[in-house]
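Data block below; observations after.
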Amino acid sequence: GAVFVQKSQAGGSPIIRGFEASRVLLVVDGVRMNNAIYRAGHLQDAMTIDNNMLERAEVLFGPSSVVYGSDALGGVMSFYTKKPLLGTDEKNKFGVNAYTRYSSANTEKTSHVDFNLGFKKIGFLTSITYSDFGDIRTGEARNPNPSFGYRPYYAQRINGVDSMVKNSDPFVQKFTGYKQIDFMQKVLFQVNDKIETGVNFQYSTSSELPRYDRLTDMSGGKLKYAEWNYGPQNRMLASLYLNVKSEGRLFNNMRIVAAYQDIDQERITRRFGKTSRNTQTEDVQVISLNADLMKQVNEKNELRYGMEITSNDVGSVANNTDIVTNVVTPASTRYPDGGSKMSTFAGYLTHSWEISEKAILSEGFRFSQTSLDATFKDTTFFPFPFKSATQSHTALNGNIGIVLMPEDNVRFNILASTGFRAPNVDDLTKVFDSSPGKVIVPNPDLKPEYVYNIEAGFANTFSENRFKFEATYFYSFLNNAMVVKDFKLNGADSVMYNGVKSKVMAAQNADEAYIQGVSAAFTADINSGFSVKSSITYTKGSYKDNTNDTIIPMDHIAPLFGQTGIIHRYKKIKTEFFVRYNGEKKLQDYSPSGEDNLNYATPTGMPKWITFNIKTAIQFNKNIALNLGVENLFDTHYRVFASGVSAPGRNVYVTLRVKI
């Protein structure tokens, strides 16, 4: 009810306060996942984090650029994975966790196991998860849109010829399945009671992952694509960290993290009836160093400060392969074929002052410098009027906030903050067909965007703290907002791209944009056995097109959404019944950029929907637990806003967990 998730068959792209993808920062174990090719469109990279190994996940709402730097405009999602457990003088710590899960809507089969081996000073934690997801079966209850979301045909190559094959069950979305393996290895070394160090290695890989929406595109009564796959997505993270506690003058706590990441991505496409398969491959290598320190100056004042250095190196290659003759020829790359580099350097300082028991003031600022250098070697495919794109920017941003607690059970908070996002390699240099008939081209004149945010919140607990209500209003003003608009390349407003005449578009700076909204939540502990929780969010956003003196809807603005649930606890059984709901996203509220996939909605937009769900957890003993539930009880057909695939229909799942 607070974070909207745009769905694909493989994962979710979080939207926070009207910002998505490269405007929402993802952090895992203190290392930023956002890299130089994080796009402004939907981004499912969070799927490469093994949720079975999460200790917790935190969401920071609103601009958080003071501590986190570029990209943290809508908020930050910070993921913390489990740590190895140490033993004692008397006994080593050995433990095994395992589970297996099945779900019916996509015939999911997932298995997981992790091992912990802890000695007095050193601990090891190893985990592996394997998932096999089949094709998603959508809901059959389709009123009032009886023809929306069917999969009547799919492409199959038969005797060397692309053929349209009739789907024997149009409720099954053919080619939404994939497989994934996640591996993690951690080592913790406790030097003494004040110094801890460790190694963190994570690796995630998948099978080829079909892009379902593009595989359903039709042209002239035929499918447009016989193949449109993301190649195996590989994410590797290796980091070394150091935690130090001290009573010295400079800090009480210090954390230093040095990390290396290697991310590989592929896009593999072939037009229906054609033999030329296009493969675009991107490799991103990221080196980063973070230092964060905290000093408790006195009982009422606390300082936090630190620095960050990152370096991104992007390689991009492409080729066409004739699947009959196996002849390979060059093709246009997604990013500059001469390579791209992006680096950042930043330092920050924040201060918190407990004025009294009823008031806390906090403030901070950050200085950041970013640079980008990209080289276009071969302009045969696109005659760009430039051979390189070079930028360097500095930014100074800050925040100030106050929390007021006039009574023990009442809290008010007011916050003003600024944030920024420097253009990355994807913003500045990409060539990509964002939607059929539209191609995005590079714009080396793109500038950073800045956000100025103010928000006010209220929270009240009552009836002996058994009931709690909280609400927040937020308003964000964007200057030089990056939006995708019509563009001209060498004076032309359209070009041929992959054999299709396409309108030229590019990321450009709009003079001003506005996003505002409100979120609210309510929780109630009725008694020891029953509780209720509910949350809801509404957001609205637009930008001004000064050229045509018009107001244009912003992309990534989710419709009204929320969730309400009733929880029952009885001895070792916990049951929750909950409803999820989305309001309608009308046609006139869609951005014309194509980022929100209107072409995969109905002619009037995305219909509102509601689902009813129930889940139960049974803890038989300290070693064995069972989770089971039914999602989308009434088998409703619906599609989440901005998604190109329909959501699962009725889904029955069961998970067996064993702990030793």
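Some points to look at:
- Dipole of the chain [Lys/Arg +1, Asp/Glu -1 at C-beta], most positive-end residue of Phe19, Gly273, Val199: Gly273
- Inter-label distance for Asp511 and Val532, nm, one decimal - labels placed 7 Å from Cα along Cα-to-Cβ: 4.9 nm
- Around the amide H of Tyr153, modelled in the peptide plane, lie the amide H atoms of Asn167, all under 5 Å away and 5 or more residues distant in sequence or on another chain.
- Take the Cβ atoms of Tyr473 and Asn234, set R0 to 45 Å, and the FRET efficiency comes out at 0.60.
- Pairs of alpha carbons in the stretch 353-397 separated by more than 13 Å make up 73% of all such pairs.
- Within the stretch 191-260, trypsin sites (Lys or Arg not before Pro) in DSSP loop having at most 14 other beta-carbon neighbours inside 10 Å: Lys194, Arg249
- Ordering of 16-29, 169-182, 567-580 by packing is 16-29, 169-182, 567-580, highest average first (other Cβ atoms within 10 Å, averaged per residue).
- Intensity falloff of the stretch 276-335 expressed as log10 I(q)/I(0), Debye formula with alpha-carbon point scatterers, at q = 0.19, 0.29, 0.30 Å⁻¹: -0.78, -1.07, -1.10
- Carbon/sulfur fraction of accessible area - the stretch 442-520, other protein chains in place, 1.4 Å, %: 52 percent
- Interchain or long-range residues, amide H under 5 Å from Asn252's placed H: Met294, Lys295, Gln296
- Computed [θ] at 222 nm, helices only, for the chain once each DSSP H run of length n ≥ 4 contributes -39500 (n - 2.57): -500 deg cm²/dmol
- When nucleic acids and ligands are ignored and a 1.4 Å probe is applied, Leu633 ends up with an accessible area of around 50 Å².
- Based on alpha-carbon atoms, the Kirkwood radius and the radius of gyration of the stretch 315-361 give Rg/Rh equal to 1.64.
- Gain upon complete extension [Phe119, Lys586; 0.36 nm per residue less C-alpha separation]: 162.2 nm
- Size descriptor for the stretch 578-623, Kirkwood hydrodynamic radius: 13.6 Å (Cα pairs only, one decimal).
- Dipole magnitude (debye, nearest 20) for the chain, charges at Cβ of Lys, Arg, Asp, Glu: 1560 debye
- Projected label points at Phe612 and Asp486, each 7 Å from Cα along the beta carbon direction, are separated by 4.9 nanometres.
- Its Cα gyration tensor gives the stretch 442-545 an equivalent ellipsoid, and the semi-axes of that ellipsoid, as √(5λ) in whole Å with the largest first, are 47, 17, 8.
- Dipole size of the stretch 252-350 about its Cα centre, with +1 on Lys/Arg Cβ and -1 on Asp/Glu Cβ: approximately 340 debye, rounded to the nearest 20.
- Relative counts (whole %) of C-alpha pair distances in the chain, using bins that are 20 Å wide: 16, 51, 30, 3
- Taking the DSSP bridge list for the stretch 1-91 and keeping only pairs wholly inside it, about 75 percent are antiparallel.
- Its convex hull of Cα atoms gives the stretch 77-183 a direction-averaged projected area, equal to a quarter of the hull surface, of 11.8 nm².
- Against the rule of thumb 2.2 N^0.38 Å, how large the Cα Rg of the stretch 257-380 comes out: 1.74
- Residue-normalised accessible area of the stretch 542-660, expressed per residue, 1.4 Å probe, Å²: 50 Å²
- The stretch 139-213-the stretch 321-396 distance, computed between alpha-carbon centres (Å): 28 Å
- Probe 1.4 Å, accessible area per residue of the stretch 350-456, Å²: 46 Å²
- Placing unit charges on the Cβ atoms only, positive for Lys and Arg and negative for Asp and Glu, gives the stretch 262-307 a dipole magnitude near 460 debye about its Cα centre.
- The accessible surface of the stretch 3-120, taken with every protein chain in place and a 1.4 Å probe, is 56 percent carbon and sulfur.
The values are calculated or read from the model by the stated rules, or taken from the named source; none is laboratory data. This is a predicted model, so every value here is computed, not measured. Positions of Cβ are generated from backbone atoms using ideal geometry, with glycine treated the same way; all protein chains shown enter the neighbour counts. The accessibility values were calculated without ligands, DNA or RNA, using every heavy atom of the protein model including side chains. Shrake-Rupley method; radii C 1.70, N 1.55, O 1.52, S 1.80 Å.
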